[in-house]
Structure formats: structure tokens, C-alpha cells
Amino acid sequence: MCGFTRMDRVRNCVIKDLAKVAPIEENMRESRRRWFSHVKRRSMATPVRRCELIDLPSGKRGRGRPKKSLDEVIREDLKVVGLSENLAQDRRL
């Protein structure tokens, strides 16, 4: 890629900079925002929106730190980009 071979021993970060490839975190954040805005535009009668209201029963928890919920991840993504929940639903952004 970019005229380099494995024998040239060029680091991946250098090749990514030359090819102007976006970081994976940025791509994942963008796709999660797109999905979030798609879901928020739907009515509350759809199954996806009704699942937001379900409160899971508390049972025996596993060891270690619990995984982040999707709401927490999306809130962090919106904070990084500097959007509010209302602005994230705007299709023009």
C-alpha cells in the first residue's frame, strides 16, 4: 500500500497517515450516532423504543466491572462531538 512493501518496515501509523484513513474509534462513534438518531426519530410504539423502557430484574451479577450500557456509550460519544440529544436527531448534521 502506498508503494511500500513489508521489507521496507514502515509502521502502520505512517501508512494510515499517508492514506488519510480515519481512526476506527471515529468511524464507530459516527455509526453509533447515526443509529441513535434513527431510533430516536421512530415512534414510541415501535419495539426498539419500547425496549428502552424495560427495567431488567436485578439478579446475581457477575464478577468485575459491569459493561457500559448503550445509553452511557452514546452519551459519551455525544459529549466528545459536542452535541446534545436533540441535535443528534437532526439529519442535516
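The values are calculated or read from the model by the stated rules, or taken from the named source; none is laboratory data. Given the structure is predicted, the values throughout are model-derived calculations rather than measurements. Ideal geometry is used to build each Cβ from the backbone, glycine not excepted, and the neighbour counts take in all protein chains shown.
Observations, loosely collected:
- Just one of the listed residues (GLU72, GLU52) is among the charged types (D, E, K, R), at pLDDT 85 or above and under 30 Å from GLY82 (Cβ atoms), namely GLU72.
- In the range 29-61, the residues that are outside any helix (DSSP H, G or I) and polar (S, T, N, Q): SER43, THR46, SER58
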